[in-house]
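Undergrad: Take a look at the following structure, please.
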Amino acid sequence: MLGNRDLLIHRTAVSLLSLQFNHCGIQECSPGYQYGFYMKPYHLIHFVLKGSGTLETEGRTYNVRSGQAFYIPSGTSGHYQASRTDPWKYTWIGFFCDSRSPFVEMLFGKDRVADICLPPDELERLILSILTVTDPRLQNVRSYSRNEYPGEQFFPVSQPEKCLEVNSRMLHLFARLIETQACYCPSSIREKDYAQDARAFIDSCYSEPIKIQDVADVLHIHPNYLCSVFKTAYGQTPREYLKALRMERASTLLLRTEQPVSTIAASVGFSSPFQFSAMFKKYFGLSPAAYRKEG
């Protein structure tokens, strides 16, 4: 017999949950079909299922083919066009996300075009599963054809349960993308992930009496390796980052609140106000009381 089981999202992954569905669709383009976009408020990813075309954005032109995806960040302008000889069939999904979310970088790094490891037919089925929430005609469709579904169809989602359903299906699609991409993730990207996860953990837990060993334990890596990848990514060690974060946060609390020094010390991860005061004076050149008085 199983006892109680608790499942929780690790703090370093919480920002992934900020992903919010905006819209999605699928299109089998005619030769030379083109579309221009101007500073959309949401992020947009197109997955090319077959054929090819070009993307022009931020002063660059990209050739995109089947098995690839192209990413258009929010607030970006550009233009894309299907090939005249081998027009693409693509699917797209638009979404909002927290600026700290690592999702896009997991797929694209710093690029706008990426090879996608998830097979095109599975990608298409996952997008169709989202569309079936509002269009039951697609319930048993495995591959979209413009001959069977001509013209443009728009189905807004307004019911709360359907909004949650489309978002959950989008997250399932994104989970499959990340899962399949991870197998092909180069070591440089993994190192960056460790640095980002460590920073996210420190940002979330600086108010607790954590040590760098705790951060390394959470990531299942050696603390020396953690220090190396963190310094490469951010130009300082995780210990230096944690110290600066605590001191800057404490200085803000000293100037903006009337909380006693002991309370502020505890709120930034120090069990001893004397240890906190010593570190604060070493960092700012003033004791907490003097800093508050001068501020």
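The values are calculated or read from the model by the stated rules, or taken from the named source; none is laboratory data. Because the structure is predicted, anything quoted here is derived from the model rather than measured. All Cβ positions, even for glycine, are placed from backbone atoms using ideal geometry, and neighbour counts span all protein chains on display.
Undergrad: Right, Ala69: at pLDDT 95 or above and more than 24 Å from the chain's Cα centre (by Cα) or not?
TA: Criteria not met by Ala69.
Undergrad: Still on this structure: Looking at the stretch 88-102, which of its residues are surrounded by 19 or more Cβ atoms within 10 Å (Cβ to Cβ) and of a type in the set (Phe, Trp, Tyr)?
TA: Across the stretch 88-102, the qualifying residues are Trp88, Tyr90, Phe95.
Undergrad: Return yes or no: is Gln196 more than 23 Å from the chain's Cα centre (by Cα) and of a type outside the set (Asp, Glu)?
TA: On the way: more than 23 Å from the chain's Cα centre (by Cα): no; of a type outside the set (Asp, Glu): yes.
So Gln196 fails the test.
Undergrad: State which residue pairs qualify: first residue within 17 Å of Lys243 (Cα to Cα) and inside the stretch 253-267, second residue surrounded by 15 or more Cβ atoms within 10 Å (Cβ to Cβ) and of a type in the set (Phe, Trp, Tyr) in any location, beta carbons under 7 Å apart, and separation of 6 or more residues or different chains.
TA: Leu254/Tyr291; Ala265/Phe276
Undergrad: Next question. Evaluate the following for Leu123: is it part of a helix (DSSP H, G or I) and modelled with pLDDT of 90 or more? Break it down stepwise before answering.
TA: Working: part of a helix (DSSP H, G or I): yes; modelled with pLDDT of 90 or more: yes.
Criteria met by Leu123.
Undergrad: Also: Looking only at the stretch 27-49, which residues are surrounded by fewer than 18 Cβ atoms within 10 Å (Cβ to Cβ) and either in contact with a strand residue (DSSP E or B) (Cβ under 7 Å, 6 or more places away or on another chain) or within 18 Å of Val104 (Cα to Cα) (or both)? Working first, answer last.
TA: Here is the first cut: in the stretch 27-49, the ones surrounded by fewer than 18 Cβ atoms within 10 Å (Cβ to Cβ) are 30-42.
Matches in the stretch 27-49: Ser30, Pro31, Gly32, Tyr33, Gln34, Tyr35, Gly36, Phe37, Met39, Lys40, Pro41, Tyr42.
The rows are residues; the columns are (1) under 25 Å from Ser101 (Cβ atoms); (2) in a helix (DSSP H, G or I); (3) at pLDDT below 95; (4) among the small types (Gly, Ala, Ser).
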residue: Ser204; (1), (2), (3), (4): yes, yes, yes, yes
residue: Glu208; (1), (2), (3), (4): yes, no, yes, no
residue: Asp214; (1), (2), (3), (4): yes, yes, yes, no
residue: Ala233; (1), (2), (3), (4): yes, yes, yes, yes
residue: Arg249; (1), (2), (3), (4): yes, yes, no, no
residue: Thr263; (1), (2), (3), (4): no, yes, no, no
residue: Ser271; (1), (2), (3), (4): no, no, yes, yes
residue: Phe274; (1), (2), (3), (4): no, yes, no, no
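Undergrad: What single numbered condition from (1) modelled with pLDDT under 50; (2) farther than 24 Å from Ala198 by Cβ fails to hold for Lys40?
TA: It fails just one condition, (1).
Undergrad: Considering only residues that are within 26 Å of Ser129 (Cα to Cα) and surrounded by fewer than 21 Cβ atoms within 10 Å (Cβ to Cβ), which ones fall in the stretch 50-80?
TA: Lys50, Gly51, Ser52, Arg65, Ser66, Gly67, Gln68, Tyr71, Pro73, Ser74
Undergrad: Restricting to the stretch 54-72, give me the number of residues that are among the hydroxyl-bearing types (Ser, Thr, Tyr) and more than 19 Å from Glu28 (Cα to Cα). Outline the logic, then answer.
TA: Taking the stretch 54-72 first, the residues among the hydroxyl-bearing types (Ser, Thr, Tyr) are 54, 57, 61-62, 66, 71.
Pick out the ones that are also more than 19 Å from Glu28 (Cα to Cα) and you get 57, 61-62.
The total comes to 3.
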